[in-house]
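A.B. asks: First, the structure itself, so that you have it in front of you.
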Amino acid sequence: MHRDSLVTPVRTAHAVRFSAGTAVPRTLVPAGACDCHVHVYDSRFPAAPQARLLPPDASALDYAALQQRIGTTRVVLVTPSTYGTDNRPMLEGLAALGAMGVPARGVAVIDGTESDAALQRLHAAGVRGVRLNLSLGVSGTADSLLPLARRIAPLGWHLQLLMAPDVLIAQADVLRQLPVPVVFDHFGRIAPAQAGRHPAHALLLALLQCGQAWVKLSGGYIVSEQHSVEDPALDTLAASYLRCAPHRVVWGSDWPHATASAGVQPLPDDARQVDRLADWAREAGDSSATLQRVLVDNPAALYGFAPTISSLS
């Protein structure tokens, strides 16, 4: 039986590369908890010529040390903007995690010209989605939305999007007709001050409610005006998603925090990120049930992880 189907592992307080602090979270995450937004970086692979984030090497082994600290047992690796459409660092990370017995899935970046065989190889390696990054990405445009969605629909994958609110609302008609689920990372790139005010927030809530979309509570320090996950203004924004569609929300640490390496904000404490998720769950209502959904049940549904014993009982 796989280790993540039993009990939450014993957590250890220790220093982890690219994560501030050493303490474990006050919050005990449920068995099978998944971190749905992680990157790996490897200087053996060249950065794309237009890449704006060039962080130091951060490996799957480094991330495994963070799991031992915060208690997660599953992970989703996302190809970062640094590598364009080169998915080799992410794929090597998946293989390394698999060798360590860590259940992992991947989100790739493609241009849509890949052969069916190439996409099937990605699927066999654990890829379950494709990311289109219109904020920092070096490949793809808003015109890629529908072609990419049609390309990946036969595989049952989702389309993960990072785009500014104005771009998001401009693509409303396209988003409503995509033939695949849409996953908005980093709070939909909506700033806390825009909650309830910018039409993109209302659009995202509508897409969540009708079952067309998911949202990742990741990168809170990116959308925060304070550049910190401690920003109390994040509470209302996070709770708006959790109240609207708790079955369509997942969480991600965004480790190793490439924007911190670039000097945009201080290095986050990932134990505090877990505790802030618990704050948002309490703000939205039933905290224990919400954490089970966000950390275990929803990732299992979105990425195809095996159900845990707790979710079957």
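A.B. asks: In the stretch 181-201, is there at least one residue being on the phi > 0 side of the Ramachandran plot and hydrophobic (A, V, I, L, M, F, W, C)? Full working, then the answer.
C.D. replies: We begin by selecting, within the stretch 181-201, every residue on the phi > 0 side of the Ramachandran plot; these are 186-189, 196.
After this cut, where a residue has to be hydrophobic (A, V, I, L, M, F, W, C) as well, the list is 187.
Yes.
A.B. asks: Please tell me if P55 is more than 18 Å from V138 (Cβ to Cβ), touching a residue at least 60 places away in the same chain (Cβ under 8 Å) and open to solvent by 10 Å² or more (accessible area, probe 1.4 Å).
C.D. replies: So P55 fails the test.
A.B. asks: How many residues are under 21 Å from the mean Cα position of the chain (by Cα) and in a helix (DSSP H, G or I) if we restrict to the stretch 170-188?
C.D. replies: 4
A.B. asks: List, please: which pairs have Cβ atoms under 8 Å, are six or more places apart or on different chains, and start with a residue in the stretch 243-272 that is at pLDDT below 95 and end with one that is of a type in the set (K, R)?
C.D. replies: Here the result reads A262/R52, each pair linking the stretch 243-272 to a residue that is of a type in the set (K, R).
A.B. asks: On to the next question. For the stretch 153-164, which positions are free of Cβ contacts under 8 Å to residues at least 60 places away in the same chain and buried (at least 19 other Cβ atoms within 10 Å of the Cβ)?
C.D. replies: Within the stretch 153-164, W157, L159, L161, L162, M163 meet the criteria.
A.B. asks: Now for a different question. For the stretch 253-293, which positions are touching a strand residue (DSSP E or B) at 6+ places or on another chain (Cβ under 8 Å), surrounded by fewer than 24 Cβ atoms within 10 Å (Cβ to Cβ) and part of a loop (DSSP other than H, G, I, E, B)?
C.D. replies: Residues satisfying the conditions are L267, D269.
A.B. asks: I'd like to know if the stretch 216-227 contains one or more residues that are open to solvent by 10 Å² or more (accessible area, probe 1.4 Å), assigned to a loop (DSSP other than H, G, I, E, B), under 28 Å from P89 (Cβ atoms) and in contact with a helix residue (DSSP H, G or I) (Cβ under 9 Å, 6 or more places away or on another chain).
C.D. replies: Within the stretch 216-227 (the criterion being open to solvent by 10 Å² or more (accessible area, probe 1.4 Å), assigned to a loop (DSSP other than H, G, I, E, B), under 28 Å from P89 (Cβ atoms) and in contact with a helix residue (DSSP H, G or I) (Cβ under 9 Å, 6 or more places away or on another chain)), the answer is yes, since at least one residue qualifies.
A.B. asks: Now a separate question. R88 is checked against (1) open to solvent by 50 Å² or more (accessible area, probe 1.4 Å); (2) in contact with a Pro (Cβ under 6 Å, 6 or more places away or on another chain) and fails just one. What number does that condition carry?
C.D. replies: R88 satisfies all of (1) open to solvent by 50 Å² or more (accessible area, probe 1.4 Å); (2) in contact with a Pro (Cβ under 6 Å, 6 or more places away or on another chain) except (2).
A.B. asks: Further question on the same structure: Would you tally the residues in the stretch 187-202 being open to solvent by 60 Å² or more (accessible area, probe 1.4 Å) and more than 18 Å from R248 (Cα to Cα)?
C.D. replies: 3
A.B. asks: In this structure, does P299 turn out to be in contact (Cβ under 8 Å) with a residue 40 or more places away in the chain, outside any helix (DSSP H, G or I) and of a type outside the set (A, V, I, L, M)?
C.D. replies: no
A.B. asks: Which of (1) under 14 Å from the mean Cα position of the chain (by Cα); (2) of a type in the set (V, I, T); (3) part of a helix (DSSP H, G or I) is the odd one out, the single condition V250 does not satisfy?
C.D. replies: (3)
A.B. asks: Same structure again: Under 9 Å by Cβ, and 6 or more places apart or on different chains, what pairs join a residue from the stretch 86-97 that is within 15 Å of Y63 (Cα to Cα) and among the charged types (D, E, K, R) with one that is assigned to a helix (DSSP H, G or I) and open to solvent by less than 20 Å² (accessible area, probe 1.4 Å)?
C.D. replies: E92/A60
A.B. asks: Pick from A118, A149: which is open to solvent by less than 30 Å² (accessible area, probe 1.4 Å), closer than 20 Å to K216 by Cβ and free of Cβ contacts under 8 Å to residues at least 40 places away in the same chain?
C.D. replies: Within the list A118, A149, the selection yields A149.
A.B. asks: I would also like to ask the following. Of P179, P246, P232, which residue is surrounded by fewer than 19 Cβ atoms within 10 Å (Cβ to Cβ) and closer than 23 Å to V76 by Cβ?
C.D. replies: Only one candidate passes the filter, namely P179.
The values are calculated or read from the model by the stated rules, or taken from the named source; none is laboratory data. As the structure is a computational prediction, the values presented were derived from the model and not from experiment. In this analysis, Cβ positions are derived from the backbone assuming ideal geometry, glycine residues included, and neighbour counts consider all displayed protein chains. Heads up: the accessible areas ignore ligands, DNA and RNA and are worked out on the full protein's heavy atoms, side chains in. Shrake-Rupley method; radii C 1.70, N 1.55, O 1.52, S 1.80 Å.
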